[in-house]
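No lab work stands behind these numbers, since they all come straight from the coordinates. Bear in mind the structure is a predicted one, so any value in this text is a computation, not a measurement. Cβ sites come from the backbone with ideal geometry, for glycine too, and all protein chains shown count toward neighbours.
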Amino acid sequence: MPKTPDYFKGKTLVVTGGASGIGRATALVFGREGANVLCADIDEQAAQQAARAVGEAGGRGEAVFVDVTRRESVRAMVEAAIQRFGRIDFLFNSAGSAIRRAKFLEIDDELWDRTYALNVKGTFYGMQEVIPHMLKNGAGVIVNVASTAARSGGAGLSPHYASSKGAVNTLTLGAAREFAGQGIRIISVSPTIVDTPFQDINAAGAFERAVSNIPLKRAGRADEIGELVLFLCSDACEMMVAETVYVTGGRQ
Ligand SMILES: NC(=O)c1ccc[n+]([C@@H]2O[C@H](COP(=O)([O-])OP(=O)(O)OC[C@H]3O[C@@H](n4cnc5c(N)ncnc54)[C@H](O)[C@@H]3O)[C@@H](O)[C@H]2O)c1
C-alpha cells in the first residue's frame, strides 16, 4: 500500500504489455488503488479484457493497441492516454520477450533485430514520447523492465535477450540522471523467473529446473512485481532513481 492514502486515486498509469503477465497484473494493482490505467498492447482484445478487469478492481481501465517497435504507434498511445485521462503520471514499459531460446552461435540477424526492436527500441520510444509531457507537468515516474538475465548473461539460453535487458538498464541510468532534477524519476526492475506466458518458449521441464535453483523454491508472481512497481511510483521512497531493483527469490 502507498504511504499516502489514496495517493493513486485519479492518477494515470500507461502500461505497455498491459494485456498479459506482469503488465496486466500491475494494471490491476493500480486499479485496486483507484488509478486510471491505459492497458496498451499489440494484442488489443486481451488489452480490452485487462482494462475491464481494472474497472472491476476499482480503477478506470481503458485499452489501446500499441506496437512498441513503431514510434508512431507509441506516440498515438501517449496521445490516447492524454486525450482520455487528461495527463500521464506513470509509464510502465513492460512489453518484452526473449522471442525464442538460442545459444550464442544460433542467434541470427532476425532474432537479434526483433529482440532489440521490442525490448530496447520499445523502451526507448516509450520514454522519449512521454518525457516531454512529464516535463510540462514537472512530474512523472517511468518504470522499465529489465531482468536478472542482464547480469547473468543468459548463457546457453538467451544472450540476445540478456544483452537487450542490459541495454534497458543502461538506458534507464542515462535518462534517469538527465531528468532527475526536473521532477521525473526513472527506474527499472529486474525480476528472476516470473510465472507468466513469457515462459512458454521453454523446452519441456526447463521452467521447473530453473525454479528449483531459486532458494525460495518458487517462481515470482506477476502481482508481486506489480506491488513493487506501485511502491516505486508512490511517494514512499523518492530517493530511488536510476538503479535497477532486483527481485530474485535469493537467486544470484
Ligand atoms: N516472466 C519472466 O520470467 C520475466 C523475467 C524477467 C523479466 N521479464 C520481462 O517482463 C516483461 C513482461 O513480461 P511478462 O512475463 O509479463 O510476459 P508476457 O508474455 O505475459 O507479456 C508480454 C506482453 O507484451 C506484449 N507485446 C509483445 N510484443 C509487443 C509489441 N511489439 N508491442 C506491444 N506489446 C507487445 C504481449 O502481447 C504480451 O501481452 C518483459 O519485458 C519481460 O522481458 C519477464
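The set of residues from the range 71-98 being over 15 Å from the mean Cα position of the chain (by Cα) and within 8 Å of the ligand (Cβ to nearest atom) comprises just one member, 73. What do you reckon, is residue 117 in contact (Cβ under 8 Å) with a residue 12 or more places away in the chain, in a helix (DSSP H, G or I) and within 14 Å of the ligand (Cβ to nearest atom)? Yes. Selection of the range 28-49 for residues being closer than 20 Å to residue 82 by Cβ, without any contact (Cβ under 8 Å) to a residue 60 or more places away in the chain and of a type in the set (A, V, I, L, M, F, W, C) yields 35, 37, 38, 39, 40, 47. Only one of the listed residues (201, 214, 225) is of a type in the set (A, V, I, L, M) and either surrounded by 18 or more Cβ atoms within 10 Å (Cβ to Cβ) or in contact with a Phe, Trp or Tyr (Cβ under 9 Å, 6 or more places away or on another chain) (or both). That residue is 225.
Scanning the range 145-186 for residues that are away from the ligand (no atom under 12 Å from the Cβ), among the polar types (S, T, N, Q), farther than 18 Å from residue 243 by Cβ and in contact (Cβ under 8 Å) with a residue 24 or more places away in the chain turns up just one, 182.
Do we have residue 56 as within 15 Å of the ligand (Cβ to nearest atom), farther than 23 Å from residue 198 by Cβ and assigned to a helix (DSSP H, G or I) here? It is false that residue 56 is within 15 Å of the ligand (Cβ to nearest atom), farther than 23 Å from residue 198 by Cβ and assigned to a helix (DSSP H, G or I). Among the residues here, residue 151 does not qualify as buried (at least 21 other Cβ atoms within 10 Å of the Cβ) and among the charged types (D, E, K, R).
Among the residues that make up the range 34-43, is at least one of them surrounded by fewer than 20 Cβ atoms within 10 Å (Cβ to Cβ), within 16 Å of the ligand (Cβ to nearest atom), under 17 Å from residue 118 (Cβ atoms) and under 19 Å from the mean Cα position of the chain (by Cα)? Yes, some residue in the range 34-43 is surrounded by fewer than 20 Cβ atoms within 10 Å (Cβ to Cβ), within 16 Å of the ligand (Cβ to nearest atom), under 17 Å from residue 118 (Cβ atoms) and under 19 Å from the mean Cα position of the chain (by Cα).
Selection of the range 1-24 for residues being within 13 Å of the ligand (Cβ to nearest atom) and either under 22 Å from residue 238 (Cα atoms) or surrounded by 24 or more Cβ atoms within 10 Å (Cβ to Cβ) (or both) yields 14, 15, 16, 17, 18, 19, 22, 23, 24. Is there a residue being of a type in the set (Lys, Arg), over 14 Å from the mean Cα position of the chain (by Cα) and not in a strand (DSSP E or B) anywhere in the range 152-173? No - not one qualifying residue is present in the range 152-173. With respect to (1) of a type outside the set (Ser, Thr, Tyr); (2) over 27 Å from residue 251 (Cα atoms); (3) part of a loop (DSSP other than H, G, I, E, B), the lone exception for residue 46 is condition (3).
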